[in-house]
Amino acid sequence: MPMEKEGPIGIFDSGVGGLSVLRHIRDALPTENLLYFADSAHVPYGDKTEQAILERSLAIAKFLLEQNAKALVVACNTATAAAIKAIRSAYPSLAVVGIEPGLKPAALHTRTKIIGVLATKGTLSSASFNTLSGKIATSAGVQFALQACVGLADQIEKGELDTDATEILIHRYIAPLIPQNVDTLVLGCTHYPFVRPMIEKTLRQLSSAPITIIDTGDAVAKQLMRILAEVEICRIDERAGRLTAFTTGNPIVLKNTIFALLGWQTEVFQVVAEL
């Protein structure tokens with residue numbers, strides 16, 4: 001496996017949600033070269049079978065390694081749940097970081113011991129999520145109120161971050177959690193931080209009590225920093241790293257989305273959907 005310091009870090013998601021993780025990585029590791037892969041021809045992953053997500057994830061991992069990636073970040077909760085074990089098995093010497101809903105930090109923050117989780121159906125139904133949530137519920141004495149947010153990632157993919165339709169969805173999914181006395185809310189999909197202002201607005205409308213929001217993008221960046229340092233493959237350069245993006249969808253759309261969400265100009269290449 002390529003492990004050279006100058007090699008880029010590969011980051012992938014079903015679409016643009018992983019850009020919320022990319023933002024944290026760029027802030028934490030400004031000199032690293034980054035590759036971002038949006039599998040937009042197959043978004044969303046949340047309504048697909050685990051086998052389909054596994055196959056897509058392995059194909060994308062292979063593609064990014066062909067671009068000499070020295071490390072890989074699975075910036076998608078659903079893909080992490082379905083495929084990260086297989087990726088690590090296929091590439092045992094590769095530094096691989098996944099993302100999972102922030103149940104552990106939520107368990108540390110909660111006072112009522114009831115934690116709301118917004119995520120895709122695929123994440124909430126996965127064996128890995130249920131194993132993790134069961135362990136934390138037992139060890140920390142907490143309960144998880146789970147809410148599948150069908151269609152919300154689609155709205156974000158379309159760039160509808162502040163529309164009535166998106167607000168209606170967010171209200172629909174948060175409203176059932178409030179009577180359950182949740183005081184902490186986990187954003188269990190990397191798309192959701194991009195509508196955090198609307199989530200916060202909805203929480204204020206529905207609850208007079210403060211509710212803490214947990215976004216795990218920063219934790220992923222810190223874990224990546226630790227791993228790169230441990231295996232001594234951090235890029236040593238004072239110059240800012242480059243970002244290159246790939247998509248199985250429309251490259252112009254991704255280019256415009258990266259600029260709209262992050263304010264970055266970047267080169268975007270189209271990749272055939274089947275790889």
> Picking from Leu65, Leu29, Leu103, Leu35, which residue would you name as being of a type in the set (A, V, I, L, M), touching a residue at least 60 places away in the same chain (Cβ under 8 Å) and farther than 23 Å from Leu254 by Cα?
Replying inline: Leu103
> When you scan the range 156-201, how many residues do you find that are free of Cβ contacts under 8 Å to residues at least 60 places away in the same chain and within 16 Å of the chain's Cα centre (by Cα)?
Replying inline: 2
>> For the range 22-58, which positions are within 17 Å of Val74 (Cα to Cα) and out of contact with any helix residue (DSSP H, G or I) (no Cβ under 9 Å at 6 or more places or on another chain)?
In response: Asn33
>> Out of Ala229, Ala221, I need the residue that is within 24 Å of Thr120 (Cβ to Cβ) and either hydrophobic (A, V, I, L, M, F, W, C) or buried (at least 16 other Cβ atoms within 10 Å of the Cβ) (or both). Which one?
In response: Ala221
> Which one is farthest from Gly10 (Cα to Cα) among residues in the range 232-275 that are surrounded by fewer than 16 Cβ atoms within 10 Å (Cβ to Cβ) and among the basic types (Lys, Arg)?
Replying inline: Arg239
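Quick note: the coordinates plus some simple rules give every number you see, no bench work behind them. Remember, predicted model here, so these are calculated numbers, not experimental data. Quick reminder, even Gly has a Cβ in these numbers, built from the backbone with ideal geometry, and neighbours come from all protein chains shown.
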